[in-house]
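Below is one structure, written out as structure tokens, with a few remarks after it.
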């Protein structure tokens, strides 16, 4: 058993002690996880102690994300354009609805704009607002993987070969696949 699971198991024992303080039981008997299958990942011995009650939160809508971002940047006087805030909220809401991601994208967009202004050769530092271009660039920098960029440049044959290897690996339920099995057509 992993040390974290032993800790969870021992805290679950508080339920069996009738003289325990209920506040302590409540405090230690709850867990917060970002995954839906958290109870299934635990060993049965630990899961039975913790219980199987779940509280699932709905993901934020793009309107809610936009309101949160507007509230967070309200102290900054017009740094973001309205279109940029709307774009980032809809972009994040479409995939994950994670506020942390949204704030990371906005932070990176500020850094990109700062870099652009420093590289600008004009001597009069004109203030620019963050627009959709900086938001798109920051999102791509933060969340585009090198593997996906590589796959985009593959030929059709290379893509089909990778798909074939993945399907063959899945069908054989093992980590190895004979390259000849994929290439040779029966």
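Is it true that residue 102 is within 27 Å of residue 37 (Cα to Cα), part of a helix (DSSP H, G or I) and modelled with pLDDT of 90 or more? Explain how you work it out, then say what you get.
On the way: within 27 Å of residue 37 (Cα to Cα): yes; part of a helix (DSSP H, G or I): yes; modelled with pLDDT of 90 or more: yes.
For residue 102, the condition - within 27 Å of residue 37 (Cα to Cα), part of a helix (DSSP H, G or I) and modelled with pLDDT of 90 or more - is met.
Only residues that are over 18 Å from the mean Cα position of the chain (by Cα) and over 17 Å from residue 106 (Cα atoms): list them for segment 55-72, please.
The answer is 55, and nothing else.
From the list 165, 180, 151, which residue is modelled with pLDDT under 85, exposed (fewer than 10 other Cβ atoms within 10 Å of the Cβ) and in a helix (DSSP H, G or I)?
Numbers: 165 fails: exposed (fewer than 10 other Cβ atoms within 10 Å of the Cβ); 151 fails: exposed (fewer than 10 other Cβ atoms within 10 Å of the Cβ).
None of the others qualify; the one that does is 180.
Let me confirm something: among 97, 89, which residue is within 16 Å of residue 59 (Cβ to Cβ) and in a loop (DSSP other than H, G, I, E, B)? Please lay out each step first, then the result.
On the way: 89 fails: in a loop (DSSP other than H, G, I, E, B).
The match here is 97.
The values are calculated or read from the model by the stated rules, or taken from the named source; none is laboratory data. All figures in this text were calculated on a predicted structure; none of them were measured in a lab. Here the Cβ is made from the backbone with ideal geometry for all residues, glycine too, and neighbour counts use every protein chain on show.
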